[in-house]
Every structure is written in structure tokens, then in C-alpha cells.
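Novice: My questions will all concern the structure given below.
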Amino acid sequence: MSQIEPKSCKLRLVAQGRDEACPGSGCAFWEPGGAVVAGDCLIERLGVDLSDLDLATYLLETRERLEQARDLAAAEAAHRDFAHRLGRDV
């Protein structure tokens, strides 16, 4: 039986020359699938030309900033929920 190779993040490969497994739904540029189309990378789905190193680097940095903001928002929400359960407003 053959195994499916994990997909690599093309942004990371082009921008930094490093191979990274595609984070899938953990990526800020991930588009969830539906009944007709499977989930996939927005950058790949749009056919963005990543031959421009500056563009690839910019998109990778944007992805990382979006993911940090999402993680920070989740942490702040968890902190507020925890404080609320303790009866303290933060």
C-alpha cells in the first residue's frame, strides 16, 4: 500500500529555502473545503506566482503575523473566561 506524502508549504520553501509540512487548517491562508472542493491553500488555489522572492517572503511574514494574532486573541479570550469563572473582570 502506498502512503500519501505530506504536502509541503510552498511559501516557506520559496521564502526561506526550508521544507515545512503544510499546516493545513492551522494556516492563516487555509481555505476549508466543502461538498464540492477539498480544503486547500488559498495561495495555491489562486495560483499566486511565487517566483518573486520578495512576494513569497511578504506572504510568509503576513501568514505568521495572522497566526500570532489569532493565537494571542485565543489566549486573551481564555484568560478572560478563566478570570470570569473566578469572579474577576480583567
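The values are calculated or read from the model by the stated rules, or taken from the named source; none is laboratory data. From a predicted model like this one, the values you see are computed outputs, not experimental measurements. Ligands, DNA and RNA are excluded from the accessible area calculation, which covers all protein heavy atoms including side chains. Shrake-Rupley method; radii C 1.70, N 1.55, O 1.52, S 1.80 Å.
Novice: Running a GNM on the chain with Cα contacts under 10 Å, which residue among 24, 39, 47 ends up with the highest mean-square fluctuation?
Specialist: 47
Novice: Probe radius 1.4 Å, ligands and nucleic acids ignored: give me the carbon and sulfur share of the accessible area of the chain as a rounded percent. Numbers along the way, then the final one.
Specialist: Working: 3790 of 6810 Å².
After summing per-atom areas, the C and S share lands at 56 percent.
Novice: What does the C-alpha gyration tensor say about the overall shape of the chain? Classify as rounded when a/c is under 1.5, otherwise prolate if a/b is larger than b/c, or oblate. Before the final figure, lay out the partial values.
Specialist: Values: a/c = 2.55, a/b = 1.77, b/c = 1.44.
It is prolate, given that a/c is not under 1.5 and a/b is the larger ratio.
Novice: Using a probe radius of 1.4 Å on heavy atoms only, what accessible surface per residue do you get for the chain? Whole Å² is fine.
Specialist: Numbers: 6810 Å² over 90 residues.
Here the residues of the chain average 76 Å² of exposed surface.
Novice: Okay, moving on. Which of 50, 11, 72 ends up with the largest GNM mean-square fluctuation for the chain, with Cα atoms connected below 10 Å?
Specialist: 72
Novice: Please state the shape class of the range 12-54: rounded when a/c is under 1.5, otherwise prolate if a/b exceeds b/c and oblate if not, all from the C-alpha gyration tensor.
Specialist: Verdict is oblate for the range 12-54.
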